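Participant: Submitted below is the structure of interest, expressed as structure tokens.
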């Protein structure tokens, strides 16, 4: 009787495409040549070899002409694979609703495959089981019932949250920061001292900026990463205390640099206020005193409140004055413009002078 598959035993179920791949290697034939010989497109052949498509009876007949192996062999090979998959789904209690969740997570799956977090090119049943392992759940349907309370999120009030994608994003944050060795304990006083140093990194090139931020936060006992964002998880920052480890993850979801920096200092504000010790999660984007305290911290650390009030009182909103004021506050002009936009609720104001961040190689 077949045992319940998990771990490396998932690889015991071999798609017929693997057999074709071996035959190609033995005969020193390329996939493109096989496509020509069988009369199918190169894409169709590639998807069969990678396990994304099954061997039809018509394609099996074409393979008989090319390799001299009977059509019945290929049909039986595909049939046995389908049967093993069916048994796998039954033994692992895979429900149709789980495939619906897997479909919701398609961008997360794509990210995980590209970054070799899970194996790529597998049948959706095997992909589902691998995602169960990565997400640390026995069933994807259980995700909405998981306790996410020891987390603080920041995001947009206007965008809809998909709890499955949100949880997967959180899990990716945990995964990428697990690789960071944090030797120091979290030091709140040192973090406060480092705020000016953190601000200065915004003048570096993007990659150097992230690298320098990682070093600074590591000194303070924090594992820091900038993580890809996904539609359905409209968050910009994430903090969590896990045993002796403090995690701080950011996205560049809204791309504008002033939003990135405001959110980063908002998360630092949570750390300074010990909010990450509280058992709450604000992904429903409900206004609270906790959020307002973190917002006030971010505003005052980026731009001194007294200085800002004097600046706006003079109402010199030309770009030269903004650049001069930004230099005194040790921030880029876009940070000043962003604050003026927020406080006047006018996001068109000098928007052309605001920098944007983007991924060098998007997923």
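Participant: Per residue Cα convex hull volume for segment 10-68, in cubic angstrom? Walk me through the numbers before you get to the answer.
Facilitator: Details: hull volume 4.8 nm³, N = 59.
Convex hull of Cα atoms, per residue: 81 Å³.
Participant: Roughly what angle does helix 124-135 make with the longest principal axis of the chain, taking Cα atoms, 0 to 90 degrees, to the nearest 10?
Facilitator: 40 degrees
Participant: Here's something else I'd like to know. Just from the alpha-carbon atoms, what are the Rg and Dmax of the chain in angstroms?
Facilitator: Every Cα atom of the chain included, Rg and Dmax give 26.2, 86 Å.
Participant: On C-alpha positions alone, give me the angle between the axis of helix 163-178 and the longest principal axis of the chain, in degrees, nearest 10.
Facilitator: It is inclined by approximately 80 degrees.
Participant: Of all DSSP beta bridges in the chain, what percent run antiparallel (nearest 5)?
Facilitator: In the chain, approximately 65 percent of DSSP beta bridges are antiparallel ones.
Participant: Under 1.5 on a/c is rounded, so check that first for segment 95-146, then, if it is not, pick prolate when a/b is larger than b/c and oblate when it is not; a ≥ b ≥ c are the square roots of the alpha carbon gyration tensor eigenvalues.
Facilitator: In terms of gyration-tensor shape, prolate.
Participant: Sticking with this structure for a sec: To make sure I understand, if each residue's beta carbon is the centre and we count other beta carbons within 10 Å, what order do 220, 195 fall in, fewest to most?
Facilitator: The order, fewest Cβ neighbours first, is 195, 220.
Participant: Next up: How much mean residue ellipticity at 222 nm does the chain get from its helices, if each DSSP H run of length 4 or more adds -39500 (n - 2.57) and you divide by all residues, to the nearest 500 deg cm²/dmol? It would help to have the intermediate numbers written out before the result.
Facilitator: Working: 17 runs with 194 residues, N = 363.
It lands at -16500 deg cm²/dmol.
Participant: Against the longest principal axis of the chain, how steep is helix 289-302, in degrees 0 to 90 to the nearest 10, with axes from Cα atoms?
Facilitator: Taking Cα atoms only, the helix is inclined about 70 degrees.
Participant: For a test of the definition: using alpha carbon positions, the gyration tensor, and the 1.5 limit on a/c, classify segment 152-302 as rounded, prolate or oblate. Don't skip to the answer; put the middle values down first.
Facilitator: Numbers: a/c = 1.29, a/b = 1.25, b/c = 1.03.
Because its axes are fairly even, with a/c under 1.5, segment 152-302 counts as rounded.
Participant: Could I ask something else about it? What list do you get for 67, 186, 230 if you sort them by fewest beta carbons within 10 Å?
Facilitator: 186, 67, 230
Only the coordinates and a few stated rules stand behind these numbers; no lab work does. It should be emphasised that the depicted structure is a prediction, and the values quoted were computed from it without experimental measurement. Every residue, glycine among them, receives a Cβ derived from its backbone with ideal geometry; neighbour counts consider all protein chains shown.
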